[in-house]
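The values are calculated or read from the model by the stated rules, or taken from the named source; none is laboratory data. Bear in mind the structure is a predicted one, so any value in this text is a computation, not a measurement. Don't worry about glycine lacking a Cβ; one is built from the backbone with ideal geometry, like all the others, and counts go over all protein chains shown. Side chains included, ligands, DNA and RNA excluded: accessible areas come from the protein's heavy atoms. Shrake-Rupley method; radii C 1.70, N 1.55, O 1.52, S 1.80 Å.
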Amino acid sequence: IIVFVRMKLKQLESTLQDVQGFEHPSVKLEQYPTSAHMAAHMLYSIHTVYDDIEGKCVLDLGCGPCILGIGAAILGADHVVGVDVDTAALEIARSNCDDYDVADSIDLVQCDVSQFQCRGGDHPGRSSRLVDTVIMNPPFGTKIQGIDMVFLEKALNIAPVVYSLHKTSTRDFILKKVNEWGAQGEVVAELRWAIPMMHKFHKKKTLDIEVDFLRFSRSTT
């Protein structure tokens, strides 16, 4: 594996451009692709500002084709675990990991996120690695209400630091809820996510959604 620890932002974005996306995205699972542009900006901030990737065990919950996990491996993560319930998405993820020569650094687990556990060896739905950082782009809960909070609560139960994308309109609710869970949240950046036309019910070529790139942390004591 070639690790570009000091890679510049534009280099990282260019490198991630070739990550294959969903072949048949699921409406119910809200499988909208994380663009190379967005993934690179997320990962670069996490890496350069917070130092939460290099040498760390990184978990990508709802990894899909695994662009965030692959990017983390490129930036020097010690190990990456990608979790997704969709076997078809994981097949694409495996192909992407092979193409980027990071398969030895990334474990892919087929499991409902709500059932995922960090310890337990090789049993399906478990990983024996302790996780330092979660990086994820979870479903927003437009199809399954509350699923965004299921992802977030699971992430905070696993790792001391979590990075995630959420609709800006849910910011106040999310920050309040996380505080009730004994964690803290902060807005790293306000972004505009251009979702391409992917389904028959889409009326526009792209749909712009205001999203927050959030960082959550909890005490490890």
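Screening region 63-96 for residues that are outside any loop (DSSP other than H, G, I, E, B), without any contact (Cβ under 8 Å) to a residue 60 or more places away in the chain and over 15 Å from the mean Cα position of the chain (by Cα) and picking the one that is farthest from Tyr32 (Cα to Cα) gives Arg94.
Taking the criterion of being more than 18 Å from Asp98 (Cβ to Cβ) and touching a Pro at 6+ places or on another chain (Cβ under 8 Å), the residues of region 38-88 that qualify are Leu61, Gly62. Criterion applied to Gly125, Gly141, Gly121, Gly71 was being open to solvent by less than 70 Å² (accessible area, probe 1.4 Å) and modelled with pLDDT of 95 or more, and the one residue passing it is Gly71. Residues in region 35-62 that are surrounded by fewer than 24 Cβ atoms within 10 Å (Cβ to Cβ), among the β-branched types (Val, Ile, Thr) and part of a loop (DSSP other than H, G, I, E, B): 1 in all.
Residue count for region 78-104 satisfying the condition of being polar (S, T, N, Q) and modelled with pLDDT of 95 or more: 2. Among the numbered conditions (1) surrounded by fewer than 24 Cβ atoms within 10 Å (Cβ to Cβ); (2) at pLDDT 90 or above, the only one that Tyr32 does not meet is (2).
Select from region 158-182 the residues that are over 19 Å from the mean Cα position of the chain (by Cα) and outside any helix (DSSP H, G or I) and write down the one among them that is surrounded by the fewest Cβ atoms within 10 Å (Cβ to Cβ). Step by step, filter region 158-182, then rank; the result is Gly182.
Of the residues making up region 49-72, those that are among the aliphatic types (A, V, I, L, M) and closer than 22 Å to Lys154 by Cα are Ile53, Val58, Leu59, Leu61, Ile67, Leu68, Ile70, Ala72. Could you list, in sequence order, the residues of region 97-111 that are over 15 Å from the mean Cα position of the chain (by Cα), touching a residue at least 40 places away in the same chain (Cβ under 8 Å) and either over 17 Å from Thr15 (Cα atoms) or open to solvent by 70 Å² or more (accessible area, probe 1.4 Å) (or both)? Answer for region 97-111, where residues must be over 15 Å from the mean Cα position of the chain (by Cα), touching a residue at least 40 places away in the same chain (Cβ under 8 Å) and either over 17 Å from Thr15 (Cα atoms) or open to solvent by 70 Å² or more (accessible area, probe 1.4 Å) (or both): Asp99, Asp101, Asp104, Ser105.
Looking only at residues that are at pLDDT 90 or above and aliphatic (A, V, I, L, M) in region 1-29, which one is nearest to Ile147 (Cα to Cα)? Going through the qualifying residues, I end up with Val19.
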